[in-house]
Each structure stands twice: as C-alpha cells, then as structure tokens.
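The values are calculated or read from the model by the stated rules, or taken from the named source; none is laboratory data. Note that the coordinates shown come from a computational prediction; the quantities given were computed from them, not determined experimentally. Here the Cβ positions follow ideal geometry from the backbone for every residue, glycine too, while neighbour counts run over all protein chains shown. In case anyone asks, the SASA skips ligands and DNA or RNA and just uses the protein heavy atoms, side chains included. Shrake-Rupley method; radii C 1.70, N 1.55, O 1.52, S 1.80 Å.
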Amino acid sequence: MARPRTSFGLLIIGFMILLAAPVTAGSGLVRLSDRDDLLGWEAVGRVELGQGGYCTGALIASDLVLTAAHCVYDQAGRLRGADTIRFRAGLADGLAIAEQSVSRVAAHPGYDPRSPFGVDTIRYDAALLELSAPISTTSADPFILHQRVDHGQQVSVLSYGMGRDAALSWQRECAVLGRQKGLIAFDCNVTFGSSGAPVFVRENGRARILSLISGGGYGVAYGMELPSVVSELKSVLRAMPGVPYGGLVNRRVKVGETRGVSGAKFAKP
C-alpha cells in the first residue's frame with residue numbers, strides 16, 4: 001500500500017526536539033550486539049562529547065566522521081574543543097571495533113547554534129570531525145553519499161538512542177514522507193542520542209547515506225539533503241590551517257574564505 005502524502009510544511013511546524021543525549025527501546029528496532037550483527041555497519045559509531053553526552057556519527061572517509069552540527073556545540077552555543085570529542089566505531093556493550101580522538105571540528109557555516117530548531121537550522125545541521133589518525137578500512141569501511149531523494153523511498157536508520165545507547169539500534173525500514181528546500185522528513189523511530197544518525201538507502205545492494213537525523217517528534221524525524229552540505233563542509237576543512245595528527249584545532253569559517261590543499265575523498269563503493 002502506498003504511504004499517504006503529507007504536507008511537509010505541516011510536519012515541520014509540529015512538535016520538534018533536538019536529539020543530542022545527556023551523560024525504552026522503540027518498536028521495530030534490531031539491537032546490533034556483536035561483530036556478526038555489525039557486519040557492514042562498522043563505520044557507524046558513537047560520538048562521545050565531553051562529560052557523558054553523545055550523538056551518532058558515521059565515517060565517510062577513513063579520517064572523517066559525519067554527524068549533526070548541534071552535537072559539536074555546548075549549551076552556551078560555543079564550539080566544543082576537538083580534544084573533548086571521541087569517535088567509537090561499532091561500539092557495542094563497551095567494546096568498539098575501532099576508536100579515535102578528534103583533531104579538528106568543522107560545523108557548517110550556515111548553522112547557527114543560537115537559533116531555534118526549525119527549517120533553517122535543520123537544513124545546515126551537519127558537521128565533520130577530522131580524526132587524529134585514520135581508521136583502517138579493514139576495520140570500518142566508510143560510506144558514500146546517495147544523491148537522489150524520492151517521496152516514499154524506503155530507508156533505514158542506525159543510532160545510539162537514549163535507553164539503548166550501549167549498542168546500535170537498527171530500524172530496518174522506514175520511509176521518506178516528504179522533502180522541501182533541502183529538508184527531508186521521515187517516519188523513522190528516533191530519540192535523544194539519535195542526532196547525527198545516518199539515514200541509509202540501498203543502491204546496487206550497498207548502503208549509502210541519504211541524510212542525517214537532526215531532530216524529531218511524534219513519529220516524524222527530520223534531516224537534510226547532504227551532497228552540497230558535505231561539499232561545503234569539506235571546503236571549511238580545507239580552509240583551516242593544516243595541523244599534524246593529534247593537533248587540537250577547531251574553527252568556524254565561511255565557505256570560500258580561503259583555499260588550501262585537497263580534502264579527504266569519499267571511499268569508493
């Protein structure tokens with residue numbers, strides 16, 4: 001049966017929350033508890049934020065993690081220090097397949113942490129974390145982006161949600177409810193901690209990242225169209241001063257402010 005069309009404007013006006021968790025599983029979720037369960041999903045991990053907070057993120061290159069921008073700001077709207085953030089790929093019951101500290105943080109310049117949650121903040125709610133050292137692709141193979149969004153498209157979400165944060169929860173099937181002006185609505189099950197969770201589609205039998213979870217409420221989750229946003233984030237990283245692995249630098253700059261060496265490439269399918 002086809003899913004009914006829903007006015008995107010009505011969806012976005014409804015109740016919405018940010019989903020970064022502080023330091024009750026939902027229906028239709030599969031807990032990925034061991035290495036066999038995680039096969040193919042190792043590049044999704046928990047982004048640990050200072051004193052007990054966390055979000056979800058995913059590798060899009062061996063040294064780049066994609067997550068939500070609001071995760072990398074503190075409650076006062078200040079960009080978090082890179083040395084307060086750690087990425088733990090495939091974390092399950094205290095054990096990670098791989099983990100690494102963060103050397104640089106790039107939040108999208110269009111995201112304003114002091115603005116109320118809404119259309120403008122969701123559209124640019126994305127950030128890149130540059131790791132202090134690459135994670136081997138034999139441990140966690142990075143994902144690439146999917147370019148096309150269709151109404152009713154079947155998607156899946158993996159996240160570390162509050163109350164289920166010890167291991168990834170996988171909702172194997174939910175759908176795109178609508179899209180407008182760079183925003184996408186889904187009927188996916190999300191909660192605190194799901195911020196930055198990758199929304200996947202299948203292309204030629206492989207998982208591709210369609211969007212990131214920014215927030216949600218009352219059975220509707222919200223994300224953004226990613227290709228141009230990620231391209232702009234990589235420009236932000238290129239504009240930052242070069243630092244050796246282990247350096248602790250973060251800076252919020254405007255796209256095109258300066259140009260530097262080529263940034264990280266997406267992993268090949």
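Solvent-accessible area per residue in the stretch 80-168 equals 37 Å², computed with a 1.4 angstrom probe and all protein chains kept. Ranked by the mean number of other Cβ atoms within 10 Å of their residues, highest first, the peptides 227-237, 49-59, 161-171 fall in the order 49-59, 161-171, 227-237.
Using the Karplus relation 6.51 cos²θ - 1.76 cosθ + 1.60 with θ = phi - 60°, the per-residue 3J(HN,Hα) values for the stretch 109-120 come to x, x, 8, 10, x, 8, 7, x, 4, x, 4, 5 Hz, with x marking Gly and Pro. Nonpolar atom fraction for the stretch 48-126, defined as the carbon and sulfur part of the 1.4 Å probe accessible area, stands at 43 percent.
State whether the stretch 105-194 is rounded, prolate or oblate according to the following rule on the C-alpha gyration tensor (a ≥ b ≥ c being the square roots of its eigenvalues): a/c under 1.5 gives rounded; otherwise a/b larger than b/c gives prolate, and the remaining case gives oblate. Before the final figure, lay out the partial values.
Numbers: a/c = 1.43, a/b = 1.12, b/c = 1.27.
It comes out rounded by the Cα gyration axes.
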